[in-house]
Amino acid sequence: MTLQTVAPAMGAVAAIPLGGRPVASPDRPAATKDIAMTNDERDQANSEQGGDLRVDVAIVGGGLAGGSLALALAGAGFRVALVDATDPSVMRDAAFDGRTTALAYATARMFRRLGLWDAIAPSAEPIRDILVTDGALESPSRRGGVVDSHLWFDGAALDGEPYLGWIVENQIIRNALFDAIEATDAITLLAPASASGTSFDAGAARISLKDGRRIFADLAVAADGKRSALAAAADIRSHAWGYGQKAIVCSVAHERSHDGVAQEYFLPGGPFAILPMTNSRCSLVWTERADAADAYIALPDDAFLEAIGARFGVYLGALSLASPRWSFPLGFHFSESFVARRLALVGDAARAIHPIAGQGFNLGLKDVAALVDVLTSARGLGRDIGDLSVLDEYDRWRRFDSAALAFGTDMLNRLFSNDVGPIRAARRLGLSAVNALGPLKRTFMRESGADLGRLPSLLQPERVSSAP
Amino acid sequence: MTTTAADQAESPTPRVSGATVDGGEIAKFEKMAAEWWDPHGKFRPLHKFNPTRLAYIRDAIAGHLGRDPQSAAPLRGLRLLDVGCGGGLVCEPMRRLGAEVVGIDASEMNVKVAATHAEETGLSIDYRASTVEALVDGGEPQFDAVLNLEAVEHVADVDLFLQSSAALVKPGGIMVVATINRTLKAVATAKIGAEYVLRWLPVGTHDPRKFVKPSEIERAIRPTGMTVKASAGVAYNLLTDAWRVVDDVAVNYMIVATKPGGPGNA
C-alpha cells in the first residue's frame, strides 16, 4: 500500500471525493465504502483519491492491545490502519518497556490463534503454582519457612490446562506483534504518526494526521492507553483516582530454581510480586508508596539489591540485578462508556487497574477478542460496524464484565496495602479460608486465567478431537 | 459535513432529495435520520429486533438461491425490494450484503430520511416514495427478493397488497413477510405489552383487528403461484433484552414464500 501526502487544507474536503470512487454510471453514486468493493478496488480507489486512506477499522495506539487487535481484525478479513506516535524500531527495543506480562492461559489461546505463540513460547515461563502470603517483612516465608496464612494455587487443580499462565517480557510480545503486523497486507502501519484531529460522524470516523494524511474508517478504536486522547475527543469521561503508589519493576537473576512458582507478598507498602521468568530469572513488581519508591529507585545498585533481598528472602539463593529498573505511578480509571458513535475503547484506554492481580493486559486482550466477535457478526449481517447499536453489544459485554474485576482489585489493594492489625488478622483469616475451599479457589484460578464469563471465540479452548 | 461534491453530482435520479432541496430541509432530514438511527431513541425496539430478522432474511435468501450465507457478500448482485422501508434499517444492511436495493415507503418523509442517511454512510440505495401497486402499474422489473416487513398490518387491502408484492417477485424468487398474528396472545403482548406496558411503541401504533394470520398470507399469495416454504416466530426475552427465532408463531412471525420457475428452479 502506498500513501501519498495530501494537501492538509480543510477546504480540500469538498474538492476530494472522500467517499468517492470512479463512477461508471450516473445511477451509481460515489461511495468508496459501498459494498461489493474488493480490497483491490478499494486500494485503487484510495490511491486515486490522492492518498486518503479508507479502512474498515482505524486503531490508534500500537501497543500490546492495539497491535493484537490489528492482527485479529486482519485475520477476520477487516482492512486496518494502525497508528502510533512512536517509531516501531523504538518500541521494539528492550529499553522501551521493561515490564513483564502475566499471560493468562486463555490469553495464550488467543496468541496461538493469531500465530504468535511460536515466537513467544521460547521466552515464556509457565506459572505452575501461585503462592499468596500476607505478612510483615519478618515473616518466615521469606526464609523459606512455613507460613500459617497463605493461599496456594496449584496448577494441577485446573482441568485440561497444564499451567495457570505464563510470564513473558513485554518486549518479546511486542516484537512478535510487529513482525506479524509487518507481514500482514491488510494492515497499514502508520508510525511514527500522530493525530491532529478526529471526528466521529454519521459517515465515518476521520483521523487527520499531523503530516496531512487522513484516515477514514467505519470504526476508530482507542488503544492509546490511560488518558486516551481519542476517548477525550469523543467526550467519554472516566472515573479516575491515583493510589499514591508506584510500581518498581526489574528483573533479578537467582541461584536456585524458582520451580515456576509465582509469589505475591502483601507488604504494608503494597504487594510485592515475584514472577518466574526463563533462564533462572524473576520479574519483580514491587508496589510502594510513591515517595518510598522514588527513594528506592535512586539507590545505588548494591543498596537497591539489598532492599530487594530483604523482601525477597533467601529461598532462591543469591540475587543479582538482570535489568535496569523502571517505576510506574499506579492509578485507577474506569470509563463511563467503552463506546461512542464510531468509537470503541480497548485495553487501558477503557480502564486501568492496579497490577495487584496481574490482570490488566488480560482484560485488554479480552476486549480485543470480544470486539472482533461483535464486529465479525455485525458485518455478517450487513450492519454498520461503527453504529452504536452494534457497539452497544461490546460495551455491555466488556464494561460489565470487567467492572467487577476492576473494582475488586481496587478493594484488594486497599485491603492489603496497610499494616493495621485487625485488618491484617481479617485478611489472614480470609486467605486461609479461601485456601480451604476448593471450588472458590478454582473460581479464583479461572478468573486469573481470564477464563470466566462469556468467552470470546479467540479465547475459547481448542476443540480437541479424540484420536481414532 | 459528509456530503461531497461527488455525492451531490452523482445522486441517482430516483432519489427524492436533490438539488432543489434547501439547506434547512436537509438539516431537518439529517436530524430525523439521526432519530431513526439512534439505537437508544424512539426506534430502540426496531434496533433490538433488527439483528434477529436480518439473520433470518439473509439465511432464507441465501439458502433459497444456493449461496453461502457466511460469505463476504452473500446477496451480491441480487435485485431486492424492501417494502415499507422506513428509515432504511433493513435496506442498508441488505446493500452491504451485496444486493442492489430498492426501498419504497408510502411516506415521502421516510424516504427522504432514508436517502439522507444512505448518503451520509456512502451507500447506494434507490429509495422511492411509492407503493407496490404503483410499481406494478409502472411496469417495474421483477426482483429476486421482496421483503415485506412489519407492513402488512398497516395496509388497507391485505390481499391486493400481498398479490402486488408477489407480482414483483421474479420466477424462482423469494418473498419474506414479517408481521403480527391475530391471536389473543398477540393482542396481549404486541399491542398491550409493547404499547402500554413496555411503552416501546406509541399507543395506537397497531390496530389488533389488522393483525394477519399466517394462513391468510398463504391464501392471499396462492393465486400468484407462490408457496410458503418456511415460517418462524420471533420472541423477546425480557431477561436478556434480546430477540430470538422460535417455533411459536402466535405473536411476531416471519414467512418465507417462493415462486416456482427461474434458472435452476424450474
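What follows draws every value from the coordinates through simple rules; no lab data is involved. No experiment lies behind these values; they were computed from the predicted model shown. Positions of Cβ are generated from backbone atoms using ideal geometry, with glycine treated the same way; all protein chains shown enter the neighbour counts.
Find the relative contact order for chain B and round it to a whole percent, using C-alpha pairs within less than 8 Å whose residues are 6+ positions apart.
Value for chain B: 17 percent.
Please report, in debye to the nearest 20, how large the charge dipole of region B:14-258 is about its Cα centre when each Lys and Arg carries +1 at its beta carbon and each Asp and Glu carries -1 there.
In debye, rounded to 20, region B:14-258 gives about 620.
Quick one: which of B:LYS191/B:LYS213; B:LYS42/B:LYS191; B:LYS42/B:LYS213 span more than 19 angstrom between C-alpha atoms?
Beyond 19 Å between Cα atoms: B:LYS42/B:LYS213.
What is the sum of charges around B:LEU80, taking Lys and Arg as +1, Asp and Glu as -1, for the other residues whose C-beta is under 9 Å from the C-beta of B:LEU80?
Local charge sum for B:LEU80: -1.
Would you pull out the residues with amide H under 5 Å of B:GLY103's amide H, same chain only if 5 or more places away, H placed 1.01 Å from N?
B:ASP82, B:ASP126, B:TYR127, B:ARG128
Using the charge dipole of region B:14-258 (Lys, Arg: +1 at Cβ; Asp, Glu: -1 at Cβ; taken about the Cα centre), state which of B:LEU147, B:ILE192, B:VAL203 has its Cα farthest towards the positive end.
Checked the options; the winner is B:ILE192.
Suppose we keep just the alpha-carbon trace of region B:14-258; what are its Rg and Dmax in angstrom?
17.3, 50
Which ³J(HN,Hα) values in Hz, rounded to whole numbers, follow from the phi angles of region A:324-334 under the Karplus curve 6.51 cos²θ - 1.76 cosθ + 1.60, where θ = phi - 60° and Gly and Pro get x?
Along region A:324-334, the couplings run x, 10, 10, 9, 10, x, 9, x, 10, 8, 9 Hz.
What FRET efficiency comes out for the pair B:ARG222/B:ILE192, r = Cβ-Cβ distance, R0 = 45 Å, nearest 0.05?
Once the sixth-power term is evaluated, E becomes 0.85.
May I ask you to evaluate 6.51 cos²θ - 1.76 cosθ + 1.60, the Karplus curve with θ = phi - 60°, for each residue of region A:238-246 and list the ³J(HN,Hα) values in order in whole Hz, giving x for glycine and proline?
Karplus values, whole Hz, x for Gly and Pro: 9, 7, 9, 8, x, 9, x, 10, 10.
Run the simple label-point estimate for B:ASP38 and B:LEU239 please: 7 Å along Cα→C-beta, distance reported in nm.
3.2
Given Cα pairs under 8 Å that are at least 6 residues apart, what percent is the relative contact order of region A:327-416?
RCO, region A:327-416: 35 percent.
If the chain between A:ALA318 and A:VAL90 were fully stretched, how many nm would it gain, using 0.36 nm times the residue separation less the Cα-Cα distance?
So the extension gain works out to 78.7 nm.
Count neighbours as other Cβ atoms within 10 Å of each site's Cβ, and list the trypsin sites (Lys or Arg not before Pro) in region B:148-213 that are DSSP loop with at most 11 such neighbours.
Answer in residue order: B:ARG199.
For the residue pair A:ASP294 and A:ASP179, what label-to-label distance in nm results when each label sits 7 Å from Cα along the Cα-to-beta-carbon direction?
4.1
Show which aspartates and glutamates lie in cross-link reach of B:LYS185 when reach means a straight Cα distance below 20 angstrom and same-chain residues fewer than eight apart are skipped.
B:GLU150, B:GLU153, B:GLU195, B:ASP207, B:GLU216, B:ASP241, B:ASP247, B:ASP248
How would A:LEU371, B:LEU184 line up from fewest to most surrounding beta-carbon atoms within 10 angstrom?
Listed from fewest to most nearby Cβ atoms, that is B:LEU184, A:LEU371.
With r as the distance between the Cβ atoms of B:THR183 and A:ARG227 and R0 = 56 Å, compute the FRET efficiency 1/(1 + (r/R0)^6) and round to 0.05.
0.50
Quick check: residue separation of B:ALA27 and B:SER215 times 0.36 nm, minus the Cα distance between them. What number comes out in nm?
Stretched out fully, the B:ALA27 to B:SER215 stretch lengthens by 63.2 nm.
Excluding B:ALA257 itself, calculate the net charge of residues whose Cβ lies under 14 Å from the Cβ of B:ALA257, where each Lys or Arg counts +1 and each Asp or Glu counts -1.
+2
Helix-only mean residue ellipticity at 222 nm, chain B, DSSP H runs n ≥ 4 weighted -39,500 (n - 2.57), per residue, nearest 500. What is it?
Estimated from H runs of four or more residues: -9500 deg cm²/dmol.
Of A:HIS254, B:HIS154, how do they rank once you tally other Cβ atoms within 10 Å and put the fewest first?
In order of increasing Cβ crowding within 10 Å: B:HIS154, A:HIS254.
Using a 10 Å cut-off on Cβ to Cβ distances, tally the other chain neighbours for every residue of B:111-124 and report the average as a whole number.
If you average over the peptide's residues, the count of other-chain Cβ atoms is 4.
Mind running the shape call on region B:76-129? Use the C-alpha gyration tensor, a ≥ b ≥ c as the square roots of the eigenvalues: rounded below 1.5 for a/c, prolate if a/b tops b/c, oblate otherwise.
oblate
Which of B:GLU195, A:GLU306 has the fewest other C-beta atoms within 10 Å, and how do the rest follow up to the most?
The most exposed by this proxy come first: A:GLU306, B:GLU195.
What residues have an amide H closer than 5 Å to that of A:ALA58, excluding those fewer than 5 places away on the same chain, when H is modeled at 1.01 Å from N in the peptide plane?
A:ALA81, A:LEU219, A:ALA220, A:VAL221
Please work out how much length the chain gains when fully extended from A:PHE328 to A:SER377, using 0.36 nm per residue of separation minus the C-alpha to C-alpha distance, in nm with one decimal.
13.8 nm
List the residues whose amide H sits under 5 Å from the amide H of A:SER323, counting only those 5 or more places along or on another chain, with H placed 1.01 Å from N in the peptide plane.
Close amide H contacts, sequence-distant or interchain: A:SER251.
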